[in-house]
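A quick write-up on the structure given underneath.
The values are calculated or read from the model by the stated rules, or taken from the named source; none is laboratory data. Note that this is a predicted model, so its numbers are computed, not measured. When we count neighbours, we look across all protein chains shown, and the Cβ atoms used for this are built from the backbone with ideal geometry, even at glycine. Side chains included, ligands, DNA and RNA excluded: accessible areas come from the protein's heavy atoms. Shrake-Rupley method; radii C 1.70, N 1.55, O 1.52, S 1.80 Å.
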Amino acid sequence: MPLVAKNSTTARQAANLTREGRQVLLSPLEAFGDILTAAEWVDLGLFPPAEKVAINTNVTRESIKAQDPNGGPDLLLVEDTTEVTATYDNIPVLTPDETVRALHVGSVPVAMTDALAGGTISPFAPGASIPARMIVIRRHQGGADPLYKVYWHPRVAIQNNGEGDNQNRETLQFRVPVQSYLGDLSPALDAYSAQVGPMGAIFTIPASKLDALLDILKAEAAA
């Protein structure tokens, strides 16, 4: 009998061409001066239209081979994964507020006093990282209750990645390597521990359930 793809009736529908918006939420693991506590989250803001804000992965593999008993080329038996990295190489923020600008400095600000009261001072430390948690929400249109994708990373390192220009407007650029977390999950996610990897998890959730998921994730792996 002929091969019929399970999604043969939907795979080529023009309705699949939906636009997608992305939101990035960050929470420091430790208090960020007087600006953010470890329990608070910050929205990075809006991104330029052409930016995808996507994660890039790099996987290093080692081939395990065997001799062909018939004298031919070596036989590939399996490929072992020896190293995995995942990084948001560039997150350009088009509408940075004062909180996002403070994070972009890359080091914890300290309030100044006396004649300089009202200001802050931070070390100039290129390459410095701020340990944090991150949630990336990918919203797209389609149907009454569309499915959203939520990327949850319990450990990341926020880094200043310079400044850019988009549509004659300044953007503040962040680089965010995803780190491994091997701690315990809260009871709310314990039932899904087998599906949570060291770098987090990807949730596909109806739009109507997004707030319920974020309520769980906001305090997950906070310490």
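What to note about this one:
- Of the residues screened, residue 83 is one that is closer than 23 Å to residue 151 by Cα and acidic (Asp, Glu).
- Residue 10 being part of a loop (DSSP other than H, G, I, E, B), in contact with a helix residue (DSSP H, G or I) (Cβ under 8 Å, 6 or more places away or on another chain) and either open to solvent by less than 60 Å² (accessible area, probe 1.4 Å) or of a type in the set (Val, Ile, Thr) (or both): yes
- The conditions of being of a type in the set (S, T, N, Q) and either free of Cβ contacts under 8 Å to residues at least 24 places away in the same chain or in a loop (DSSP other than H, G, I, E, B) (or both) are not met by residue 27.
- Within segment 68-86, the set of residues being open to solvent by 20 Å² or more (accessible area, probe 1.4 Å) and not in a loop (DSSP other than H, G, I, E, B) comprises 75, 76, 77, 78, 79, 80, 81, 82, 83, 84, 85.
- Within segment 165-183, the set of residues being under 20 Å from the mean Cα position of the chain (by Cα) and either more than 13 Å from residue 134 (Cα to Cα) or not charged (D, E, K, R) (or both) comprises 171, 172, 173, 174, 176, 177, 178, 179, 180, 181, 182, 183.
- The residues of segment 108-129 that are open to solvent by less than 60 Å² (accessible area, probe 1.4 Å) and either within 29 Å of residue 202 (Cα to Cα) or touching a helix residue (DSSP H, G or I) at 6+ places or on another chain (Cβ under 8 Å) (or both), listed by number, are 109, 122, 128, 129.
- Of the residues making up segment 11-29, those that are closer than 30 Å to residue 221 by Cβ and of a type in the set (A, V, I, L, M, F, W, C) are 24, 25, 26, 29.
- Tabulated pairs, segment 90-113, first within 14 Å of residue 23 (Cβ to Cβ), second part of a helix (DSSP H, G or I) and open to solvent by less than 60 Å² (accessible area, probe 1.4 Å), C-beta under 7 angstrom, 6+ apart or interchain: 93/100
- Residues that are part of a strand (DSSP E or B) and either surrounded by fewer than 10 Cβ atoms within 10 Å (Cβ to Cβ) or free of Cβ contacts under 8 Å to residues at least 24 places away in the same chain (or both), drawn from segment 53-67: 58, 61, 62, 63, 64, 65, 66
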